[in-house]
Structure formats: structure tokens, C-alpha cells
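Data first, discussion second: the structure below is written as C-alpha cells.
None of the figures in this text is laboratory data; all of them are computed from the coordinates on show. On a predicted model such as this, the values are computed, not experimentally measured, just so you know. Virtual Cβ from ideal backbone geometry, glycine too; neighbours counted across all protein chains shown.
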Amino acid sequence: MSNLAGNLSDNWIVSADLAKELLLGKATLLDARQPVLKWFCRLRPAIPVTWQEFACSDFPHQGKIIEDDPILTQKLQALGICQDQPVIAIADSVKGWGEDGRVVWMLRTLGHEKAVFVDGGYRAFVKAGIDRTKRTNHPPPPGDFIVSRRSNWEINRDDLKAILGNANLAFIDAREPREYAGKTPYGERRGGHIPGAVHLYYKQLMDRRGQLLSRGEVVAILQQKGVSLSTEIVSYCSGGIRSAWLTCVLTSFGFNAKNYAGSMWEWSASPADSYPLTKK
């Protein structure tokens with residue numbers, strides 16, 4: 001069991017069977033699905049969470065992680081998260097928005113080295129034999145995790161602006177095709193995409209069951225878009241949720257990837273002459 005936990009620092013995604021085994025070793029399970037789904041069918045050991053609990057509340061910055069580290073530490077300890085115990089996040093891979101990836105990206109960025117999500121999400125986990133219940137879970141015992149931020153996997157708006165046009169940098173727009181083309185269904189102030197961004201809707205990297213494509217298939221898709229393993233990647237979406245999931249996948253597959261959590265909510269609300277968008 002200890003060997004499994006020790007190998008998680010580079011692996012941000014695990015199979016349902018491995019996740020089940022990690023739970024036997026006292027890993028913390030976070031259910032990041034939409035609240036209505038969690039109400040009808042909970043997983044017996046899971047603690048319900050939402051990504052919004054750890055994000056700014058003011059528009060247009062609500063995609064960004066709260067800046068107050070003591071508050072974040074308090075929130076995460078209240079969930080029972082410990083420094084040296086694995087944390088497993090699940091969501092609905094088919095119907096969701098990549099919430100499990102957002103939670104894992106956030107935890108990694110805040111310094112937790114053993115946060116992972118389950119390939120195939122909730123459905124795969126249930127199929128692996130995790131018990132379901134309609135009873136309310138008891139609050140977990142407090143954890144001992146202390147936030148210690150890492151800059152490896154995130155980038156802010158102005159740092160992103162400063163590197164626009166860099167030849168060895170790829171911007172990936174993880175949104176739906178209509179959003180990339182200029183539609184604003186989720187509250188962006190302006191439509192379009194960041195100049196030079198390539199489009200890769202994040203669910204293109206899953207099959208119909210919500211299972212990840214193989215590493216070789218993902219690498220091939222990226223290469224078709226001119227993105228190689230030597231390319232630095234910044235992903236964005238509307239509020240850094242779908243792009244956080246994509247960042248987890250890319251990082252696990254060996255890419256140098258960062259998430260712009262402010263994403264289009266923040267970028268499109270900024271002055272157009274300094275933070276441009278294009279529909280071409």
C-alpha cells in the first residue's frame with residue numbers, strides 16, 4: 001500500500017481499481033459532482049465538495065483560487081485532508097465539467113503531492129465496487145494539510161499577456177467549438193479566443209464512457225495541432241475548470257502545462273486593447 005501512495009507524485013490520474021485500493025489505505029475521497037447528483041446517490045466514504053468553495057466570489061475573478069492561504073488551509077483541513085495521505089477526487093466524466101480535475105489541479109497547486117482523480121469518474125468507481133448510500137456522511141476528523149503554493153501549474157493574466165506570441169508556447173482553448181468561435185453562453189463579457197490559441201475541447205480526450213484516451217492518442221491529437229512534448233502549454237476555458245482538467249491530463253502525460261484559472265471570465269472583462277480576443 002505504501003508503494004502505491006509513494007508513486008502518486010507524477011501520476012495525477014489513477015484507475016478506479018487503484019483508487020479503490022488507495023481507499024483501503026485511508027485515502028480521502030472527495031465527491032466533486034454537482035450537488036444534485038451527490039444528493040441522490042452518494043459514495044459511502046466520500047466527502048462532498050464544490051470547486052467554488054475554494055474560489056474567489058467576485059466577478060470576473062471567480063475562476064481564481066482564493067488568495068488567503070490560512071483560509072484555504074482551514075477549509076481543506078475541515079475536509080480531513082492530510083499532508084501525507086492521498087486525496088482522490090471523483091466527478092461525472094460524461095455529464096460534468098471536469099470538476100475532479102479542477103479539484104486535483106487546485107490541490108497540487110496548493111502543495112498537495114498525492115492528489116489524483118479517477119479515470120472514468122463516478123461510473124468507473126461504482127463499477128469497481130465502491131458502495132453507494134443515501135445516508136449523510138459524518139464529518140471527517142480534521143486533517144493536517146498546510147497550504148504551500150507551487151507556481152508550476154498556474155499562470156496569471158498579466159504573465160500570460162507578457163508571453164503572447166512566444167514561439168515555443170501553445171495556448172489551448174478547452175471550451176466548446178461555439179465558444180471558441182465567439183459565442184458567450186457562460187457569462188463572458190466579450191466573445192472570441194486569445195490570439196494564437198488552438199482549439200481542443202477537453203472532452204475530445206475521452207471516449208463516450210468518460211475514459212481517457214491513451215497517452216499515444218493524446219500526443220497524436222496535440223501533434224496534429226502543432227503541440228509537441230517540448231512545447232510549453234497554457235490552457236484556459238471560461239473559469240479555469242475544464243482547462244484545469246486538461247492541465248492535469250497533460251501534466252500526467254509528460255507535458256509542461258499550466259492552467260490560466262482566470263480564463264475568459266477575467267480576460268474578456270479586461271480592456272480590449274490590452275487583452276485582445278479574436279474570432280478568426
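Table for the structure above
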| quantity | calculated |
| --- | --- |
| Candidates 105, 97, 12: whichever shows maximal mean-square fluctuation once the chain is modelled as a Gaussian network with Cα springs under 10 Å | 97 |
| Estimated inter-spin distance, residue 273 and residue 24, nm [label 7 Å along Cα→Cβ] | 6.5 |
| Most mobile of 99, 217, 176 in a GNM of the chain (Cα contacts under 10 Å) | 217 |
| Radius 11 Å from Cβ of residue 86, net charge of other residues (Lys, Arg +1; Asp, Glu -1) | -1 |
| Antiparallel %, DSSP beta bridges [both residues in the stretch 120-245], to 5 | 10 |
| Considering only the stretch 2-133, percent of DSSP beta bridges that pair antiparallel, nearest 5 | 20 |
| Relative packing of peptides 249-256, 201-208 - highest average C-beta neighbours within 10 Å first | 249-256, 201-208 |
| Over the chain: helical MRE at 222 nm, DSSP H runs n ≥ 4 each giving -39500 (n - 2.57), nearest 500 | -8000 deg cm²/dmol |
| Rel. contact order, % - alpha carbon contacts under 8 angstrom, at least six apart, the chain | 23 |
| Amide H within-cut-off set for residue 64, under 5 Å, with H built and near neighbours excluded | 56 |
| Contact order relative to length of the stretch 157-268, as percent, for alpha carbon pairs under 8 angstrom and 6 or more apart | 31 |
